[in-house]
Amino acid sequence: MSKVSITLQNTDDGRQIVDAIVSDNPAAEVSRMPALTKIDCEGRLCLKRETIEERLGRSFDLQELQLSLISLAGNVDEDDDSFTLAWEAGPATKNA
């Protein structure tokens, strides 16, 4: 498997989002720098709206993630409740 990653700005919201991600993904490796935090994880990384809301103390639309996002690596699977990064083969290569 390969690692996926997400990099967020070190804003007030960004730091809370990082805490939520680490809470939901105990295998995540965190690299903190002055202006950003990069999170790497083997296989997949899942961000849960509910956990982010608990950390922020307010409702959170996962589209707000774009305000803190610097970069990501992995295929994105997103709905109203979660944002998941994973390296998975697409339908064309699964059956080949």
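Bear in mind these aren't lab numbers, they're just calculated from the coordinates by the rules spelled out. Values in this document were obtained by computation on a predicted structure and should not be read as measured data. Counting neighbours? That spans all protein chains shown, and the Cβs are built from the backbone with ideal geometry, glycine included.
Look at the alpha carbon pairs under 8 Å that are at least 6 residues apart: their mean separation over the length of the range 3-88 gives a relative contact order of 38 percent.
To test your reading of the geometry: what angle, between 0 and 90 degrees and rounded to tens, separates the Cα axis of helix 12-24 from the longest principal axis of the chain? Value to nearest ten degrees: 50. Computed over the chain, the Cα gyration tensor eigenvalues convert (square root of 5λ each) into semi-axes of 23, 15, 11 Å, ordered from largest to smallest. Under a model in which nothing but the beta-carbon of Lys, Arg (+1) and Asp, Glu (-1) is charged, the range 3-88 shows a dipole of about 440 debye around its Cα centre. You can think of it this way: the chain between D40 and L67 has 7.8 nm of extra reach, that is 0.36 nm per residue less the Cα-Cα gap. In the chain, the calculated helix contribution to ellipticity at 222 nm averages -7000 deg cm²/dmol per residue, counting -39,500 (n - 2.57) for every DSSP H run with n ≥ 4. Note on E29 and D81: the model spin-label points, each 7 Å out from Cα along the C-beta direction, lie 3.2 nm apart.
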